[in-house]
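The values are calculated or read from the model by the stated rules, or taken from the named source; none is laboratory data. As the structure is a computational prediction, the values presented were derived from the model and not from experiment. Note that each Cβ is placed from the backbone with ideal geometry, even for glycine, and that neighbours are counted across all protein chains shown. Calculation scope for accessible area: heavy atoms of the full protein, side chains included, ligands and nucleic acids excluded. Shrake-Rupley method; radii C 1.70, N 1.55, O 1.52, S 1.80 Å.
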Amino acid sequence: MGEVSNDHKSGFVAIVGRPNVGKSTLLNRLLGQKIAIVSPKPQTTRNRITGIRTRPDSQIVYVDTPGLHQPRGKLGEFMAATAARALEGVDAVVFVTEATAGGVALDEAALAALAEVEAPVLLALNKIDLVPDKRRILPRLEAYAARYPFRELIPISASTGQSVDRLEAAILALLPAGPAFYPRDQLTDQPETFFVAETIREQLFLLTRQEVPYAAAVRVQELVEREGGNRLYIRAVIFVEQPSQKAIVIGEGGAMLKRIGQAARRELEAFFGVPVYLDLWVQVRRHWRRNEAALREFGYRLTS
Ligand SMILES: Nc1nc2c(ncn2[C@@H]2O[C@H](COP(=O)(O)OP(=O)(O)OP(=O)(O)O)[C@@H](O)[C@H]2O)c(=O)[nH]1
Ligand SMILES: [Mg+2]
């Protein structure tokens, strides 16, 4: 990792907030690369997702989290515990909320999670690109400032990147001096198979509706390099809870599964930079969201 000077900074930063406010979009923007899946539906992210941002004089380890919400069922409990756990022992927290929310209601359930946080918290008021009348922004900032001692409140757009550099500077200002924790070229600590499973799950969120994406989990069974690393062969299974959901994911004559597979393959080829053969299957695992063993098998277990 080389010499570390006294003014090298490093630290862990949790990105938290209500579901769907743009946490994963913000993580991707801060990294300058897409590693977390994004969808218009709430509760897309289920695991903690680490994104490592290394600069010559700093390394920030961002931790994207599931949206803070009242948990329902065992998967929901895992997601809530994952988000709560991510707040422990970090050097700073970015609390993401939306500039667009109607009325004066604040994200109370998510704010409640900040009660026991010891680290300094920044507020990122996201999606300002959707608010043409900037006069609406100030009252929201004031309401949040009155509710919690945020170190700074910064209106941003994670989608367009507006003011994300300002947010990054504010984060950096909160971090202590310290060495890099990870090799300087490392982007995440998740295995490739996790990224592949998430990329497939993203298409389920984008292409299927109602309960289907929520009842789906993806497991990569095989990921092998072929032709000396010039091609990737991936075999993955989409698990759903009921035969009717399986029928939807496969679609008429296999049309939906084909769309899911093609879209995921394009993303994976862009990421890995080699042609990908994606062998995609669908299986029913009844009520897996209620089953501890199935949750563990699909990667929904607390690791730290
Ligand atoms: N217009 C606009 N849309 C945004 C912005 N940031 C995020 N979005 C959209 O908001 C939706 C949710 O984004 P995500 O990044 O998945 O939100 P999240 O907070 O990670 O959601 P969960 O993982 O479900 O908690 C997606 O449709 C994004 O494209 C923004 O700055 N402007
Ligand atoms: Mg997310």
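Here is how the numbers come out for the structure above:
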quantity: Whole-percent pair-distance distribution, where bins are 10 Å wide, for the alpha carbons of region 1-134; calculated: 12, 42, 33, 11, 2, 0
quantity: Using alpha carbons only: equivalent-ellipsoid semi-axes of the chain, gyration tensor based, whole Å; calculated: 33, 24, 18
quantity: Given 15 as the ceiling on other Cβ atoms within 10 Å, longest exposed-site-free region of the chain for GluC sites (Glu not before Pro) in DSSP loops; calculated: 212-304
quantity: Accessible heavy-atom area order of 79, 256, highest first, probe of 1.4 Å; calculated: 256, 79
quantity: Total formal charge among the other residues, if their Cβ is under 11 angstrom from that of residue 258, Lys/Arg +1 and Asp/Glu -1; calculated: +1
quantity: Solvent-accessible area of residue 134 with every protein chain in place, 1.4 Å probe, in Å² to the nearest 10; calculated: 110
quantity: Selected from 63, 21, 237 as most flexible by GNM, with the chain as the system and alpha-carbon contacts under 10 Å; calculated: 237
quantity: Region 14-83 versus region 227-304: alpha-carbon centroid distance in Å; calculated: 21
quantity: Whole-number Å³ per residue for the convex hull built on Cα positions in region 97-195; calculated: 159
quantity: The chain - mean residue ellipticity at 222 nm from DSSP helices (-39,500 (n - 2.57) per run, n ≥ 4, rounded to 500); calculated: -9500 deg cm²/dmol
quantity: With all protein chains modelled, accessible area of residue 285 [1.4 Å, Å²]; calculated: 70
quantity: Values of log10 I(q)/I(0), in the order q = 0.14 Å⁻¹, for region 252-304 under a Debye, Cα-only, solvent-free model; calculated: -0.60
quantity: Nearest 10 degrees, 0 to 90: helix 137-147 Cα axis against the chain principal axis; calculated: 80
quantity: Region 175-304 shape via C-alpha gyration tensor axes, a/c threshold 1.5; calculated: oblate
quantity: Sequence-distant lysines (8 or more away, or on other chains) whose Cα lies within less than 20 Å of residue 23; calculated: 34, 41, 127
quantity: Most mobile listed residue (49, 60, 154) in the chain, GNM with C-alpha springs under 10 Å; calculated: 154
quantity: Distance cut-off 17 Å, percentage of C-alpha pairs in region 1-71 lying past it; calculated: 45
quantity: Relative contact order (%) - the chain, alpha-carbon pairs under 8 angstrom, separation at least six; calculated: 18
quantity: Per-residue ³J(HN,Hα) for region 113-118, Karplus 6.51 cos²θ - 1.76 cosθ + 1.60, θ = phi - 60°, Hz, x for Gly and Pro; calculated: 5, 7, 3, 9, 6, 8
